[in-house]
Structure formats: C-alpha cells, structure tokens
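Novice: Supplied in structure tokens, the structure appears directly below.
The values are calculated or read from the model by the stated rules, or taken from the named source; none is laboratory data. Source: prediction; values computed, not measured. Cβ atoms come from the backbone with ideal geometry, glycine included; neighbour counts cover every protein chain shown.
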Amino acid sequence: MRPMADDWRLTVDFDDEGDGTQLVEWLSALRFEADERDRLGGRVVVSRDGPRVFLYADAEADARDAEGIVRSHLSSERLPARVELHRWHPVEQDWKDAALPLPETDEELQAEHERQQAREAAESREHGHAEWEVRVSFPDRDATAALADRLESEGVPVIRRSTFVLAGAANRDEAEALAERLRGEVPEGARVEVEPGGGMVWEVTPQNPFAVFGGLGG
C-alpha cells in the first residue's frame, strides 16, 4: 500500500538503526541548509522505519537532488548504506526502480494490472483473509441464508449476518467478477457492492474470517 501521494521515493537502508536515526536528525536540523534548502524547499518529505529512511518527492528532479545531498553526507560521514530511488506505478500500486518507465501501451498497462492482482491474491493467501469482499444486502433473512448456503456450497468463503452476506475474494478482479455475477442472480431489492477487505469483516469477527480459495469469480 502506498504510504503517501508523492511519486518518487529515495530509500536509505542502514544495517544499524542508530544510523537511520542520525540521518533523520541531520536532515531535520539542517533542513537542507543554504543551497540545498533553496533548491528543494519543502518539496521533500522524510520518514523513518527502523534503520530505513525514506525521502518522498513529487518530481524526479527533486528526488535526484535529494539523492545527491544524501549520498554526499553518507560519504563524508563514512556511513554505509544502500541507497535506491523508486517511482510509484499507480496501475501496479507498487514502487518500482526509477529506471523503469511508466506503462504507456495497452499491453504494458494490462501487464502491470495483472501483476497487481497477482500480488493481492498472494497477500490474501499469506495473511489468511480476503483482500476484497462482496457485500450483498437483502430485505429479508431468508434470502440472506439462501445465498450464503449456495456460495458456501461452491467453496466461496462467506460471513452471514442478519440481512447481509460478505463473500471473500483474493483480489479486486475476482471480487468484481463475483459481484457482476450475483447482480444477475439476487432478487429485486438486494444490493451488491465491492469493497476492500477488513471493514465489516473485522467488526463482526476479530479472527481471520476467510480461508481464501481460488476461482471465487467463476
């Protein structure tokens, strides 16, 4: 999941958490003093996760300026670190090496989409819960029970409550396919919606509610 709206990210990865803390303190105290501050202003945002320091920027030029400043500081202080520059790919929803261009053709866009969906499915399997859910709301309990029983018989993981059913899906494509199918099957007055996993699911069942199966949209 993307941490913020910036398009470029510089990652400085130390072996020692103390070195990460030191770099953040240096950046905070100096705030890119003098020429560095004039060049970058407030366009670079810094955060830290243990020994790893992140610098986010909206533009490539700002990110590369920050990279040069950081590398110079690391060299002068003789601080060993792995420095990498990444760009956010919105279709794949992932940080990729800055050398990789954004997709442009239909084929490239589709390939990134498929990689993103495969990653969601892998995360569903790894975490033991559905990354996406299909919520079906009914006007009465009988219809709710009937749909839940039918989906369970097909191997679709579900949670059944009074007048709604949550069906788990490994990724958004599977959730959309299942929702489209159910819209043609449920009685009039029922509402079918697709939503990210972890909303109502966690409210009604604190433990992982879904054992994820493949082919939920079939």
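Novice: If you take the residues in the range 12-36 that are among the small types (Gly, Ala, Ser) and at pLDDT 90 or above, which one is surrounded by the most Cβ atoms within 10 Å (Cβ to Cβ)? Full working, then the answer.
Specialist: Residues of the range 12-36 among the small types (Gly, Ala, Ser): 18, 20, 28-29, 34.
Still in the running and at pLDDT 90 or above: 18, 20.
On the way: Gly18: 10, Gly20: 21.
Going through the qualifying residues, I end up with Gly20.
Novice: What pairs come out if I take residues in the range 133-147 that are farther than 25 Å from Pro196 by Cβ and pair them with residues that are basic (Lys, Arg) whose C-beta lies under 9 Å away, six or more apart or interchain?
Specialist: Matching pairs, first to second residue: Ala145/Arg160.
Novice: Go over the candidates Leu182, Leu216 one by one and state the one that is surrounded by 17 or more Cβ atoms within 10 Å (Cβ to Cβ), modelled with pLDDT of 50 or more, outside any strand (DSSP E or B) and not acidic (Asp, Glu). It would help to see each step written out before you state the result.
Specialist: Details: Leu216 fails: modelled with pLDDT of 50 or more.
Unique residue meeting the criteria: Leu182.
Novice: Quickly run through the range 142-179 and pick out the residues that are among the aromatic types (Phe, Trp, Tyr) and assigned to a helix (DSSP H, G or I). Can you show your working first?
Specialist: Residues of the range 142-179 among the aromatic types (Phe, Trp, Tyr): 164.
Residues satisfying the conditions do not exist here.
Novice: Return the only residue of Arg39, Arg9 being at pLDDT below 90, surrounded by 13 or more Cβ atoms within 10 Å (Cβ to Cβ) and not in a loop (DSSP other than H, G, I, E, B). Spell out the reasoning first.
Specialist: Numbers: Arg9 fails: at pLDDT below 90.
Unique residue meeting the criteria: Arg39.
Novice: Within the range 47-91, track down each residue that is part of a helix (DSSP H, G or I) and under 10 Å from Trp8 (Cα atoms). Please lay out each step first, then the result.
Specialist: Residues of the range 47-91 that are part of a helix (DSSP H, G or I), as a first pass: 60-77.
Hits for the range 47-91 are Glu60, Ala61, Asp62, Ala63, Arg64.
Novice: For the range 97-106, state whether one or more residues are farther than 30 Å from Val53 by Cβ and surrounded by 19 or more Cβ atoms within 10 Å (Cβ to Cβ). Let's see the steps before the verdict.
Specialist: First, the residues of the range 97-106 that are farther than 30 Å from Val53 by Cβ: 104-106.
Next cut, surrounded by 19 or more Cβ atoms within 10 Å (Cβ to Cβ) only: none.
No, the conditions are met nowhere in the range 97-106.
Novice: Hey, any hits in the range 151-160 for a residue that's surrounded by 15 or more Cβ atoms within 10 Å (Cβ to Cβ), at pLDDT below 90 and within 21 Å of the chain's Cα centre (by Cα)?
Specialist: no
Novice: While we're here: Against the condition at pLDDT 85 or above, in contact with a strand residue (DSSP E or B) (Cβ under 7 Å, 6 or more places away or on another chain) and crowded, with 17+ Cβ neighbours inside 10 Å, how does Phe164 come out, does it pass?
Specialist: Values: at pLDDT 85 or above: yes; in contact with a strand residue (DSSP E or B) (Cβ under 7 Å, 6 or more places away or on another chain): yes; crowded, with 17+ Cβ neighbours inside 10 Å: yes.
Answer is yes for this residue.
Novice: Right, Val91: surrounded by fewer than 18 Cβ atoms within 10 Å (Cβ to Cβ), among the aliphatic types (A, V, I, L, M) and modelled with pLDDT of 90 or more or not?
Specialist: Numbers: surrounded by fewer than 18 Cβ atoms within 10 Å (Cβ to Cβ): yes; among the aliphatic types (A, V, I, L, M): yes; modelled with pLDDT of 90 or more: no.
The answer is no for Val91.
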